[in-house]
1. Among the residues in the stretch 11-24, are any at pLDDT below 95, over 16 Å from residue 135 (Cβ atoms) and among the aliphatic types (A, V, I, L, M)?
2. For the stretch 1-43, give me the residue count where each residue is open to solvent by 90 Å² or more (accessible area, probe 1.4 Å) and either in contact (Cβ under 8 Å) with a residue 40 or more places away in the chain or within 17 Å of residue 95 (Cβ to Cβ) (or both).
3. Do you know which of the residues in the stretch 86-97 that are open to solvent by 80 Å² or more (accessible area, probe 1.4 Å) and touching a helix residue (DSSP H, G or I) at 6+ places or on another chain (Cβ under 7 Å) is modelled with the lowest pLDDT?
4. Where residues in the stretch 51-85 are modelled with pLDDT under 95 and among the hydroxyl-bearing types (Ser, Thr, Tyr), which of them is nearest to the chain's Cα centre (by Cα)?
5. Over 28 Å from residue 41 (Cα atoms) and in contact with a strand residue (DSSP E or B) (Cβ under 8 Å, 6 or more places away or on another chain): which single residue out of 94, 74, 78, 112 fits that description?
6. Any idea which residue in the stretch 110-142 is surrounded by the most Cβ atoms within 10 Å (Cβ to Cβ), counting only those that are among the basic types (Lys, Arg) and modelled with pLDDT of 95 or more?
7. Need the failing condition index for residue 33 against (1) under 11 Å from the mean Cα position of the chain (by Cα); (2) more than 22 Å from residue 130 (Cβ to Cβ); (3) not polar (S, T, N, Q), just the number.
Amino acid sequence: MPPAAPEGFQPHDRKSPLTNPWEPLFSRRTDDRVVLGLVVAEPHTNSRGLLHGGLIAAMADNAMGLSCGQVLTRDGVRTDGLVTVSLGVDYMGRAEIGDWLEFDTDFVRAGRTLCFAGAVVTAQGQPIARAHSTFRVHTSSSS
């Protein structure tokens, strides 16, 4: 039986070859963000059995990109997608198997060609990482 997610989270509907081995993933959408979540399991860990920093970076990037897309859509901007230009992560803590993780974008500034975002990653409600990213907004008229 798959792990349970907190109230408000649903199975994440956007699949990718990168994240498929990390399923099940969950998401909660609002008008200005997509919050991603998962229960830490063995495929998410390093050789010491702790959450791998690479997963934190990839999932934070994913959450921030989806949140930028959510804001752009809300604001009526039609895009052909977003591409990460830069990504920074500051690690402040750790997570273990069984912990609930959330990747919550708490800042989005969307422009016509660039979107800036910031996120906090929590394990069991405690911050373990902070991320920031810049995305290139591609539209039909982008070169």
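The values are calculated or read from the model by the stated rules, or taken from the named source; none is laboratory data. The structure presented is a predicted model; accordingly, all values stated were derived computationally and were not measured. Cβ sites come from the backbone with ideal geometry, for glycine too, and all protein chains shown count toward neighbours. To get the accessible areas, we keep the full protein, side chains included, count just its heavy atoms, and leave off ligands, DNA and RNA. Shrake-Rupley method; radii C 1.70, N 1.55, O 1.52, S 1.80 Å.
1. yes
2. 5
3. The extreme case among them is 97.
4. Selected residue: 73.
5. Checking each option against the conditions leaves just 112.
6. So, considering only residues that are among the basic types (Lys, Arg) and modelled with pLDDT of 95 or more, the one surrounded by the most Cβ atoms within 10 Å (Cβ to Cβ) is 130.
7. Going through the list (1) under 11 Å from the mean Cα position of the chain (by Cα); (2) more than 22 Å from residue 130 (Cβ to Cβ); (3) not polar (S, T, N, Q), residue 33 breaks only (2).
Listed here are the residues, each with its yes/no results for (1) within 14 Å of residue 33 (Cβ to Cβ); (2) among the hydroxyl-bearing types (Ser, Thr, Tyr); (3) open to solvent by less than 50 Å² (accessible area, probe 1.4 Å).
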| position | (1), (2), (3) |
| --- | --- |
| 47 | no, yes, no |
| 54 | no, no, yes |
| 70 | yes, no, yes |
| 73 | yes, yes, no |
| 99 | no, no, yes |
